[in-house]
Structure formats: structure tokens, C-alpha cells
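Student: Attaching a single structure in C-alpha cells format; questions to follow.
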Amino acid sequence: MGNAVNDKEQQVNYLKNRLDMFMSVIDSLDPESTDIEDIDRLISMLDDLEDKYERFKKDWK
């Protein structure tokens, strides 16, 4: 596993990096050959990103 992300700046950078990774995955998909598993994986990635954001947001208050 990676290092713990403790301060707000690190947390924001983590979220930005994960969002960049998500966008890279989308950019790499071929619309003609994308199937339901690919869409499910994208939804899962977004869910994970949202969960992490919600956890971080609690630290920011």
C-alpha cells in the first residue's frame, strides 16, 4: 500500500491524481468495443473516488 494521506494538500493531490487516472481510462476506451464490464468498472472507480472524497472532507472541517 501507499503512504497515508494526512494533510489537506496531500488529500487534494490524491483526488486530482485519481481523477486524472479515471480520465486516462476513459480516453483509452474504444467506444465501438466498450462493454458493460467496462462501464461497471468506470462506475466503480467513480464510487471509490467519491468515497475517498467524503472521508477527506470530514478531515477538512
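Student: Might you report the magnitude of the Cβ-based charge dipole of the range 8-60 about its Cα centre, with Lys and Arg at +1 and Asp and Glu at -1, to the nearest 20 debye? Working shown, then result.
Tutor: Numbers: 8 positive and 15 negative charges, 120 e Å.
Using only the charged Cβ atoms, the result is roughly 580 debye.
Student: Take the Cβ-Cβ distance between residue 59 and residue 35 as r, set R0 to 35 Å, and report the resulting FRET efficiency rounded to the nearest 0.05. Don't skip to the end; give the middle numbers.
Tutor: Working: r = 37 Å, r/R0 = 1.07.
Result of the calculation: an efficiency of 0.40.
Student: Still on this structure, please answer the following. Using Cα atoms only, what is the angle between the long axis of helix 8-28 and the major principal axis of the chain, expressed in degrees (0 to 90) to the nearest 10?
Tutor: 0 degrees
Student: For the range 39-56, in order, what is each residue's ³J(HN,Hα) by Karplus, 6.51 cos²θ - 1.76 cosθ + 1.60 with θ = phi - 60°, in whole Hz (x at glycine and Pro)?
Tutor: Result, rounded to whole Hz: 5, 4, 5, 5, 4, 4, 4, 5, 4, 4, 5, 5, 4, 5, 4, 4, 5, 5.
Student: Would you calculate, for the chain, the mean residue ellipticity at 222 nm contributed by helices, counting each DSSP H stretch of 4 or more residues as -39,500 (n - 2.57) and dividing by all residues, to the nearest 500?
Tutor: Numbers: 2 runs with 46 residues, N = 61.
Helix-only estimate at 222 nm: -26500 deg cm²/dmol.
Student: Here is a further query. Would you mind telling me the share, in percent, of accessible area of the chain contributed by carbon and sulfur at probe 1.4 angstrom? Walk me through the numbers before you get to the answer.
Tutor: Numbers: 2570 of 5070 Å².
About 51 percent, which is the carbon plus sulfur part of the accessible surface.
Student: Of the listed values (1) 4.7; (2) 7.6; (3) 5.0, grab the one calculated as mean projected area of the Cα convex hull in nm² from the structure here.
Tutor: Here mean projected area of the Cα convex hull in nm² agrees with entry (1).
The values are calculated or read from the model by the stated rules, or taken from the named source; none is laboratory data. Model, not experiment: these values are computed from the prediction. With ideal geometry, Cβ positions are generated from the backbone for all residues, glycine too; neighbour counts draw on all protein chains shown. Only protein heavy atoms, including side chains, enter the accessible area calculation; ligands, DNA and RNA are left aside. Shrake-Rupley method; radii C 1.70, N 1.55, O 1.52, S 1.80 Å.
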